[in-house]
1. Only residues in the range 268-279 that are under 16 Å from V87 (Cα atoms) count as the first member; pair them with residues that are of a type in the set (S, T, N, Q) and in a loop (DSSP other than H, G, I, E, B), Cβ under 8 angstrom, at least 6 apart or cross-chain, and list the lot.
2. What are the residues in the range 340-372 that are without any contact (Cβ under 8 Å) to a residue 24 or more places away in the chain and under 15 Å from L516 (Cα atoms), if any?
3. Of the residues V43, V57, only one is surrounded by 23 or more Cβ atoms within 10 Å (Cβ to Cβ) and farther than 30 Å from D401 by Cβ; which?
4. Given the criteria open to solvent by 10 Å² or more (accessible area, probe 1.4 Å), over 18 Å from R158 (Cβ atoms) and not polar (S, T, N, Q), does L315 qualify?
5. Among the residues of the range 261-293, write down those that are in contact with a Pro (Cβ under 9 Å, 6 or more places away or on another chain), open to solvent by 50 Å² or more (accessible area, probe 1.4 Å) and not in a helix (DSSP H, G or I).
6. Any idea which of (1) in a helix (DSSP H, G or I); (2) modelled with pLDDT under 75 is the one L71 doesn't satisfy?
7. For the range 118-152, what are the residues that are among the β-branched types (V, I, T) and under 17 Å from R98 (Cα atoms)?
8. Which residue out of V234, V229 is modelled with pLDDT under 85, within 30 Å of L359 (Cβ to Cβ) and either basic (K, R) or open to solvent by less than 50 Å² (accessible area, probe 1.4 Å) (or both)?
Amino acid sequence: MRNDRGEEAIQSRVATIRKTTDAVKEPSTKRRWAALVVLMLPVLLVSVDGTALSFAVPVLSTALNPTGSQLLWIVDVYPLVLAGLLVPMGSSGDRFGRRRLLLIGATGFTIVSAAAAFATSPALLIAARAVMGFFGAMLMPSTLSLIRNIFTVPRERRTAIAVWAAGFSGGAALGPIAGGFLLEHFYWGSIFLLAVPVLVPFLILAPLLVPESKDPNPGRIDPVSIVLVLATMVPLVYSIKTFTHHGMSVPLTLLLALALVAGGLFVRRQLTESIPMLDVRLFTNPVFSGAVSVNLLSIFSQAGFLYFVSQHLQLVSGLSPMTAGMYLIPGLILTIVSGLAIVPIVQHIRPGYAVAIGLLCNAAAFAMVAYAGPAGWDLGLVIAFGVLGIGVGAAETISNDLILGAVPAHKAGAASAISETAYETGAVLGTAVLGSILNAAYRSHVTIPESLTAAQANTAKETLGGATKLAEGLDTGTANTLLESAHSAFDSGVLITSSIGVVFMLIASFIALRTLRTARA
């Protein structure tokens, strides 16, 4: 009798856990997919904002007149704060409820995004972007972890993740078009208002269709670990940006040392906690660690690519923001198609092979840019972005699925946070590393006409956007001389960064083959 009672207690406990974490199995198939559609709204919220901003970089250069460093911070501070807070927010979602955190993040993100539209200086815009990063950190881990709990069958989950990635790419496709239209007809701040119409239907539909889920046995809130994550990510990325801009220095060395020490202390703390914020032992699984690395390097390539191609199309080729956005639509569509098409393909070949082939596509795309950029061949850039889209779509879908599949459903928030941290770290490093190298190459190769004043020369040497704006107020001869030199200097930087991109993608492909060889669909 006692054994029977004990067994009943165990079964009751298991049922409670399943009810808490896997109650999402109960809704019908239609309701599950309807919930997925609703979850795409915050994904669109973030992705539209990101690509619209990328295409607004030239306009921001002329409207707010930021320095080269400020321009990079406008782009980078959001993913930098995001990367530092994703793990704490993912853990908070597991603890307090993923849907609840998602609703809070979506509301805050939209309000601050609207406020950013009225920034009057680079410093204010940087501050607004930092706060957007705080709320943005609540969004992406919550969407992925909810998907992990809603779709428990592996093939369904993989398809849902492909749709999630397609939604992200769809937002990226919409961003340049909508942003380009707004930039042509309104002032630059209007791009930050794009988030507003997405929020209203989400706030109405999410409580109705998206089930709440949380970890039935969450760890405690750990402020020390949160501080250590921030103390690792912020100095690390800042050091990379500063090194490529000014070279190594004693303060920079100290910041790198701080990042390394904080990172080591964070790992040690997680290993000693009974229920850690982040289970770092997951990285001993080669499939998990390989998928995270692939995730990071793949997005690294895409972010760096968009940073210089958007400027080339607008400032070198002279296209309007909206037309430049249209040029990239085929590549973004191919990203969506590739992500969906890879799901049935991995039923017949190993996921590691599919990911490696996708990363080789990325390498081929950078090789094409190395020729098309300096040659002024815009069609070549369009084709290259299409090839890149095929590679990124396949690699991202499979790597995210492998990351989420490595943990139980009730720990999906932490795993999603790791995936998103890799994603955002790749994005900020892609812009910081490739963008900073591009800017450094531009400054070292541009030739300034002797007739310019010292202040004008500094403006022209900072960024291509600064040179373009300056040329508008110069006489025709001087303006043509400056622009010809600026365009040539910029494209020389494209050649360097593209070559680096090829090397990184070849390394990523090798990592995929070595670490994902045991993965199964």
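The values are calculated or read from the model by the stated rules, or taken from the named source; none is laboratory data. Note that the coordinates shown come from a computational prediction; the quantities given were computed from them, not determined experimentally. As a convention, Cβ positions derive from the backbone with ideal geometry for all residues, glycine included, and neighbour counts pool all protein chains shown. The accessibility values were calculated without ligands, DNA or RNA, using every heavy atom of the protein model including side chains. Shrake-Rupley method; radii C 1.70, N 1.55, O 1.52, S 1.80 Å.
1. Close Cβ pairs (under 8 Å, with a partner that is of a type in the set (S, T, N, Q) and in a loop (DSSP other than H, G, I, E, B)) amount to I275/N217.
2. I349
3. Numbers: V43 fails: farther than 30 Å from D401 by Cβ.
Of the residues listed, the single one that is surrounded by 23 or more Cβ atoms within 10 Å (Cβ to Cβ) and farther than 30 Å from D401 by Cβ is V57.
4. Numbers: open to solvent by 10 Å² or more (accessible area, probe 1.4 Å): yes; over 18 Å from R158 (Cβ atoms): yes; not polar (S, T, N, Q): yes.
Yes; evaluated as a whole, the condition is true for this residue.
5. Hit for the range 261-293 is I275, nothing else.
6. Failing condition for L71: (2).
7. T143, I147, I150, T152
8. Exactly one residue qualifies, and that residue is V229.
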